[in-house]
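Taking it in order: structure first as structure tokens, then the write-up.
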Amino acid sequence: MDTLQDMGTFKVVPIDGALGARIEGLDRATATRPDVAAGLRKALGDHLLLEVPGMPMTPAEMRDFSSAFGRFRPQLLRYKRTSEVPEVSVMVSTLMADGTTDKTALRSEDWHTDDSYMATPAKATLLHAIEIPSSGGNTWFCNMRAAYEALPEATRKRIDGMRAIHGYDTARARNRPSARTAQEIAETPDVEHPLVRTHPDNGRKALYLNFNRLDHIVGLDRAESDTLLDELAEHCRQPRFHFAHEWTVGDCVIWDNRATMHRVDVDYPMGERRIMQRVLIEGDRPF
Ligand SMILES: [Fe+2]
């Protein structure tokens, strides 16, 4: 069992669950100090998910805080980039009474890892609650390292070395994504990634799945690929791998996309504003 770590300027309190830790006592304005930034990155590596409570940040403040975790990568969809600070996207997932909602809400309803349709997906994501509904809207996280390690040895042997095609959309996803501009389409051809990913920081393996983007496994016919992907999906849907973050305004949550998936409960009241700021951190090519 993990124990509480005192990093000097803040405490890392492990969450009693499948993954994650809560950062207590941190002044976010100090996050870019080299010792503080190193401590935060270590905590993220150890726990895969960090909850950092605090006051709401402006986009510029969030950009500065996020730089503790690495370099920025821009959000694909231009309409989600705020004009004043392009590194910070505004994600509106308010449910509208007339049925028009931003696709972000519905697409995020099923398990995914951010950006896997890119050749070099974001290694981490920061999500910051600006306005939240009066109830519901929890974000769930799945520990894909634990899910991989819990697979039967025969399955691990079978899938190690397999590669899979991720695309901006796939018929396997429950919901369709937001439309892309011609430029955005040109930027997002289908890409191939390993089905089992090795973490570059510690060499540990994790399943690399995305129920919204993963289309098929290379070298298998469609039926065989669907069967295997469905089996792996069912495995990952087991609650023992999951943890739910219940949002408070001002929370900033950071997760490692290389060893987790996440989803949101779209169960909040119609018409109540749900607005998050998001930053993506540049990653490496999965191997
Ligand atoms: Fe996401």
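Here the residues Lys205, Lys123, ranked from fewest to most Cβ neighbours within 10 Å of their Cβ, fall in the order Lys205, Lys123. Values of log10 I(q)/I(0) for segment 15-136 across q = 0.12, 0.13, 0.15, 0.20 Å⁻¹ run -0.53, -0.63, -0.84, -1.46, by the Debye formula with one identical scatterer at each alpha carbon and no solvent.
Test of understanding: ordering Phe243, Phe287 by Cβ neighbours within 10 Å, fewest first, what list do you get?
Phe287, Phe243
The slack between Glu282 and Asp265, meaning 0.36 nm per residue of separation minus the straight C-alpha distance, is 3.5 nm. Around Gln183, under 15 Å between beta carbons, what's the net of Lys plus Arg minus Asp minus Glu among the other residues? Neighbour charge sum, excluding Gln183 itself: +2.
Which links in Lys157/Lys205; Lys80/Lys123; Lys80/Lys205; Lys11/Lys205; Lys11/Lys42; Lys42/Lys157 stretch past 21 Å when you go from one Cα to the other? As for pairs spanning more than 21 Å Cα to Cα, those are Lys80/Lys205; Lys11/Lys205; Lys42/Lys157.
Quick note on segment 22-80: its Rg to Rh ratio, both from C-alpha atoms and Rh being the Kirkwood radius, is 0.98. Answer rounded, prolate or oblate for segment 169-287, using the Cα gyration tensor with square roots of eigenvalues a ≥ b ≥ c: rounded when a/c is under 1.5, else prolate when a/b is larger than b/c, else oblate. The shape class here is rounded.
Per residue, the average separation of C-alpha pairs within less than 8 Å and at least 6 apart gives the chain a relative contact order of 33 percent. Between the beta carbons of Val249 and Asn138, assuming R0 = 22 Å, the FRET efficiency works out to 0.95 to the nearest 0.05.
From helices alone, the chain scores -6000 deg cm²/dmol at 222 nm; the rule is -39500 (n - 2.57) for each run of n ≥ 4 DSSP H residues, then divide by the residue total. A full extension of the chain between Met55 and Thr32 corresponds to an added length of 6.5 nm, given 0.36 nm per residue minus the alpha carbon distance.
The Cα-based radius of gyration of the chain, divided by its Kirkwood radius, gives an Rg/Rh of 0.95. Under the simplified labelling scheme, the Arg240-Glu192 pair shows an inter-label distance of 3.5 nm, with each label point 7 Å from Cα along Cα→Cβ. Loop-resident trypsin sites (Lys or Arg not before Pro) (DSSP state other than H, G, I, E or B) in segment 126-157 with no more than 10 further Cβ atoms inside 10 Å of their Cβ are absent. Using Cβ point charges alone (K and R +1, D and E -1), the dipole size of the chain about the Cα centre works out to roughly 480 debye. With neighbour counts taken as other beta-carbon atoms within 10 Å, the residues Glu149, Glu109, Glu87 rank, fewest first, as Glu149, Glu109, Glu87. Zone of Asn175 (label point 7 Å along Cα→Cβ, backbone N under 17 Å): which residues in segment 236-272? Residues 262-272 fall inside that zone. Computed on segment 88-245, the Cα convex hull volume stands at 145 Å³ per residue. In the chain, taking the dipole from charged Cβ atoms about the Cα centre, the farthest positive-side position among Ile275, His112, His193 is held by His193.
Read-outs: derived from the displayed coordinates by stated rules, not from any lab. Being a predicted model, the structure only gives us computed values, none of them experimental. Backbone-built Cβ (ideal geometry, glycine too); neighbour counts: all protein chains shown.
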